[in-house]
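Take a look at the structure set out below.
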Amino acid sequence: MTQALTSDQAAVLVDPDENRGGTGTTRFVLTKIAEALASILLVIVLGFLLFRLLPGDPVAFMVRERPTDPAQIAELRDRLGIDKPLLTQFWDYFTGLFRGDFGTSYIERRPVLDMIGERLWPTVLLVGSATVLAVALGLWLGIRAAWKRDSFFDRAQTGIALTLWSVPQFWLGLLLLVVTGGLFPSRGMHSPDAGPGFFAQGLDVLHHLVLPCVTLLAVFYAQYMLVMRSSLLGEMNADYLTTARAKGLRDDLVRRRHAVPNALLPTVTLVFMQFGMVVSGAVTVEAVFSWPGLGQLTYDALHGPDLPVLQGVFVVLASAVVLMNLLAELLYRVLDPRVRTA
Amino acid sequence: MRIKHVRRGVNRAIAVLAAGTMAILPLAGTATAQQPAQPKVLRVALTTGIDHLNPFTASLAASTQVGRFIYEFLTIPSADKAEASPALAESWTTSPDKLTWTFKIRKGVKWSDGQPVTAKDAAFTFQRMLDDETARTANGNYVANFQSVAAPDDTTLVIKTKAVQATMDLLDVPIVPEHIWAPIKDLNDPKTDDLSVVGVSDGPYQLTEYKQNEYVKFKANTAYWRGAPKVDELQLLVFKDVEAAVNALKQGEVDVINRLTPTQFDALKGQPNIATNQAPGRRYNEININFGVEDVNNKPIGNGNPVLKDLRLRQAIAQSIDTKTIVDKVMGGYGQLGGGVIPPIYSAYHWDPSPAEARKFDLAAANKTLDDAGYAKGADGIRVAPGGARLELRLTGHANRAFDQRTAQYVAGWLQQIGISVKQELVSDEELNDRTTAGNYDLAISGYATNPDPDYALALHTCAARPNAEGKGATTDTFFCDPAYDGFYKQQLTDTDPATRAGYVKQAQARLYSQAVNVVLDYDNALEAYRSDKFSGFQTQPQPQGSILEQTGYWGVYGAVPAGTETAAADAGGSNTVLWIVLGVVVVVVLVGGGIMIGRRGKAADDRE
């Protein structure tokens, strides 16, 4: 679902109307915000309809393998409101959203917003830290690989990155679990034995974070590296680099002050796209390490299916992507004068 | 320029050092956190989810289990035979008409806050379920038939039912303290999962911490009326991935795991310090045959192939399924041969067909039956029904279950040999549920977990269990609706004499078997493993050969016997040493690597300049 959204947002990125009016930044910003809001509205409607196409009966899932008489089942159906007309259900859901009410989970019978809230922070922590590290590592390696194109370093690093990129995440995760042999906890975010107090708890979380974060990092960084590498390669033969060198600048400075800033734009786009995706978590890695994040919540909600949870997660994730794209577009104008004046 | 270089080098060195320290910190944290490992802790891997701890609304299997650990019940299935045995109720009697049950409540049992447990608490629990719809979420089935509940004094509980109810001596309902729960108006309130509410209990363990989606922590109830558990602390740790849980067992992070696959179980066998436990399970696997199913109003439902209405064809199919091969090849031997719908673990109610009744696996006989019934073989070897319809059947099952994948292949192969072509349609759990509840199948791989009381497993095949025209509103297994079966079902439900009741239970299973509406393939074994270096034994249910965790009761974790404390201490020390060695290596690598790089970089820059 996030994939489709990305392309949708990519289309917005190259909006042909963008430069026609030309009455200035305010208008541009307002248009972009309006577009973002429209996208979110569309997501709400789509999310509601989409998940209703899923097979399954939440009530059957709830009473599975428990003695339940028909009267009890009828009570449950009534309480969940799943037999109401679709339009009524949508209206209840839609008006609820404006009151900050995302509905109540069918299976867990808890407010969806609470459930998303308690899962958001672990996911942001895990995927966020992995993304930041991946960006740093990817850019660093990418720049160096491009600068020494076809060197042993370049070929080795590109090969390693591509291999890790194509490794299945769950396999890599399990492998790390086995190889590290119990040095790091294999499940969750907290150990029940961790002492009280902020410091002990924080260290405990960091300790739990290592393996899932490393797994994600290993899989993530290749894309930044390759994008950075190829866009820097595009700049390598540019005349301004020759000029810079002719001025007598050190190679390091030529790269840092001249080549890299010009090659950075595609990477910035990618980074923001990915930051939008951060909240969507990493379903497989969260599963392998039993990390209590949003990816797991989504996966679990597919059983049943737990429609209110799926809808809620969908809206939150899609909104994050839309928001990050909006930011990227605005930042683009700051970063690159060409976009502003074109 | 030189100075600048030096400064850059220093900067880099600082950065490397900082990074190294960051990497070490988390490790150092656990090293200190692991120090106070003195109490005997039992760590159980939990591979299914928890919805609530509030016992009125806790419906998922793992949550029910939490309720069993912290609350006492009126009666619970005994450890040795899984039959009703005293718990809070010391004894119980019934009136001659079997409508009034009087429970004598044990004296001297206390809630963890010091208040006495009385009959009033039990009466409150059931009354709340009668009055409050939300209170019926988890266990409403047990009170659906209640007329009234009363506690005339602190040790007497009187329950009157509208009709005779055979499950009265095994009401699977945790009894909660009235003084805590009475003031709570809304049982859906998230606060009902808080320690202030569910932390007050009377079972073998007392809740001390609940971290949603991560773990549940208990301490031993030293005042437990049966005697304090031998471990000091119990932890249920959530694992979303069984493979990761297996690894955690190997590395000593957890002490007990269950729900292993035969492959995982075999891999754990013979591992040092790990003991495996193979126990008869509560679950039956089956293939349902769509015999022309109808909804609860006797209207045909679904798109089953009408040829299956013929009992002779169904019997021929049943005869062509080799349950022994399924157990040996698909289950890797970790199952018991199928018979009736009550598994052998509940020996009093289990039924196996007599040699005369049994449909022995015999493809030749099945072929002959079909030949005699007029199903002639066509040119391609596929039989044609007397009406002209080719015998082509769909076989549906769970796409994500190895059992279904392999069973479907075997069954398709066997049926091919008796002239029936099978199209395998393995789908998602939800899709499968949609298909089976709406009757949209010919053959379906299915299965249910059963309870110590046979009522649930039998009720799945009664007329009343069939759903409405939309396939909703009730839970049936086979869509079976048969006056003779329903007769036996009602008789067992209202007969409180154990021996005659068991007789009816068996007759009902025999009747179901004779109609070939399903083929019980096998009863899964419960496959469990535990750290034998940390625990020397568990109280299984039933005995001698039973399960540790897959119980209807608290016996397994209550009766856990820790091994000598020396091994545990030595183990903790060992892992710390390894930790520090690895730490040292990491630090050295980082420093040396960083140093070399700084040196090289400096030189390279010099060269270029």
Restricting to helices (runs of 4 or more DSSP H) lying wholly in segment A:54-137: which have 1 or more residues that are buried (at least 17 other Cβ atoms within 10 Å of the Cβ), in contact with a Cys (Cβ under 7 Å, 6 or more places away or on another chain) and β-branched (Val, Ile, Thr)? none
Out of all the residues in segment B:483-502, is one or more among the small types (Gly, Ala, Ser), without any contact (Cβ under 8 Å) to a residue 60 or more places away in the chain and assigned to a loop (DSSP other than H, G, I, E, B)? no
Of the residues that make up segment B:533-553, is at least one modelled with pLDDT of 90 or more, of a type in the set (Lys, Arg) and not in a loop (DSSP other than H, G, I, E, B)? no
Does segment A:29-44 contain at least one residue that is in contact (Cβ under 8 Å) with a residue 24 or more places away in the chain and either over 34 Å from the mean Cα position of the chain (by Cα) or within 14 Å of chain B (Cβ to nearest Cβ) (or both)? no
Could you please find all residues in segment B:144-160 being more than 14 Å from chain A (Cβ to nearest Cβ), in a strand (DSSP E or B) and not acidic (Asp, Glu)? B:147, B:148, B:149, B:150, B:151, B:152, B:156, B:157, B:158, B:159, B:160
Of the residues A:128, A:142, A:100, only one is among the small types (Gly, Ala, Ser), in contact with a Leu (Cβ under 9 Å, 6 or more places away or on another chain) and touching a residue at least 24 places away in the same chain (Cβ under 8 Å); which? A:142
Conditions (1) touching a Phe, Trp or Tyr at 6+ places or on another chain (Cβ under 7 Å); (2) within 14 Å of chain B (Cβ to nearest Cβ); (3) part of a helix (DSSP H, G or I): number failed by residue A:286: (1)
For segment B:89-111, enumerate the residues that are in contact (Cβ under 8 Å) with a residue 24 or more places away in the chain and part of a strand (DSSP E or B). B:89, B:92, B:94, B:100, B:101, B:102, B:103, B:104, B:105, B:110
Given the condition within 14 Å of chain B (Cβ to nearest Cβ), in contact with a Ser or Thr (Cβ under 8 Å, 6 or more places away or on another chain) and not aromatic (Phe, Trp, Tyr), answer yes or no: does some residue in segment A:48-55 qualify? yes
Considering only residues that are at pLDDT 95 or above and part of a loop (DSSP other than H, G, I, E, B), which ones fall in segment B:186-201? B:199, B:200, B:201
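Restricting to segment B:232-248, count the residues that are crowded, with 20+ Cβ neighbours inside 10 Å and not aliphatic (A, V, I, L, M).
Qualifying residue count, segment B:232-248: 5.
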Residue pairs within 8 Å by beta carbon, gap of at least six or interchain, first lying in segment B:382-408 and closer than 15 Å to residue B:285 by Cβ and in contact (Cβ under 8 Å) with a residue 60 or more places away in the chain, second part of a helix (DSSP H, G or I) and charged (D, E, K, R), listed first then second, are B:406/B:329
I'm trying to understand the selection: among the residues of segment A:100-139, which are over 19 Å from the mean Cα position of the chain (by Cα), among the hydrophobic types (A, V, I, L, M, F, W, C) and within 12 Å of another protein chain (Cβ to nearest Cβ)? A:107
Those residues of segment A:103-125 which are within 18 Å of residue B:214 (Cβ to Cβ) and free of Cβ contacts under 8 Å to residues at least 24 places away in the same chain, in sequence order: A:110, A:114, A:117, A:121
Specify which of the listed residues (B:426, B:443) is more than 9 Å from chain A (Cβ to nearest Cβ), among the hydrophobic types (A, V, I, L, M, F, W, C), more than 21 Å from the chain's Cα centre (by Cα) and surrounded by fewer than 23 Cβ atoms within 10 Å (Cβ to Cβ). B:426
Working only within segment A:174-198, note down all residues that are within 8 Å of chain B (Cβ to nearest Cβ), farther than 11 Å from residue B:251 by Cα and part of a helix (DSSP H, G or I). A:174
Please verify whether residue B:267 is free of Cβ contacts under 8 Å to residues at least 40 places away in the same chain, small (Gly, Ala, Ser) and surrounded by 20 or more Cβ atoms within 10 Å (Cβ to Cβ), treating the condition exactly as stated. no
How many residues does segment B:374-408 hold that are exposed (fewer than 14 other Cβ atoms within 10 Å of the Cβ) and more than 18 Å from residue B:305 (Cα to Cα)? 6
Here's a check for you: in segment B:196-220, which residue that is closer than 12 Å to residue B:177 by Cβ and crowded, with 23+ Cβ neighbours inside 10 Å is nearest to the other protein chains (Cβ to nearest Cβ)? B:198
Restricting the first residue to segment A:164-184 and requiring it to be among the small types (Gly, Ala, Ser), which pairs with a second residue that is buried (at least 16 other Cβ atoms within 10 Å of the Cβ) meet a Cβ separation below 6 Å and a spacing of at least six or different chains? A:173/A:215; A:173/A:285; A:173/A:288; A:182/B:251
Quick check on residue B:123: is it assigned to a strand (DSSP E or B) and under 20 Å from residue B:169 (Cβ atoms)? no
If residue B:229 meets every condition in (1) within 14 Å of chain A (Cβ to nearest Cβ); (2) buried (at least 18 other Cβ atoms within 10 Å of the Cβ); (3) closer than 21 Å to residue B:44 by Cβ; (4) of a type outside the set (S, T, N, Q) apart from one, which number is that one? (1)
Test for residue B:83: is it within 31 Å of the chain's Cα centre (by Cα) and at pLDDT 95 or above: no
Is it the case, given these coordinates, that residue B:118 is free of Cβ contacts under 8 Å to residues at least 60 places away in the same chain and surrounded by 15 or more Cβ atoms within 10 Å (Cβ to Cβ)? yes
Checklist (1) in contact with a helix residue (DSSP H, G or I) (Cβ under 6 Å, 6 or more places away or on another chain); (2) within 14 Å of chain B (Cβ to nearest Cβ); (3) over 29 Å from residue A:206 (Cα atoms); (4) modelled with pLDDT of 90 or more applied to residue A:144, failing item: (1)
I need the helices (runs of 4 or more DSSP H) fully contained in segment A:289-342, keeping only those with at least 3 residues that are crowded, with 22+ Cβ neighbours inside 10 Å and at pLDDT 85 or above. A:294-302, A:307-335
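The values are calculated or read from the model by the stated rules, or taken from the named source; none is laboratory data. Because the structure is predicted, anything quoted here is derived from the model rather than measured. FYI the Cβ positions are ideal-geometry reconstructions off the backbone, even for glycines, and counts take in every protein chain you see.
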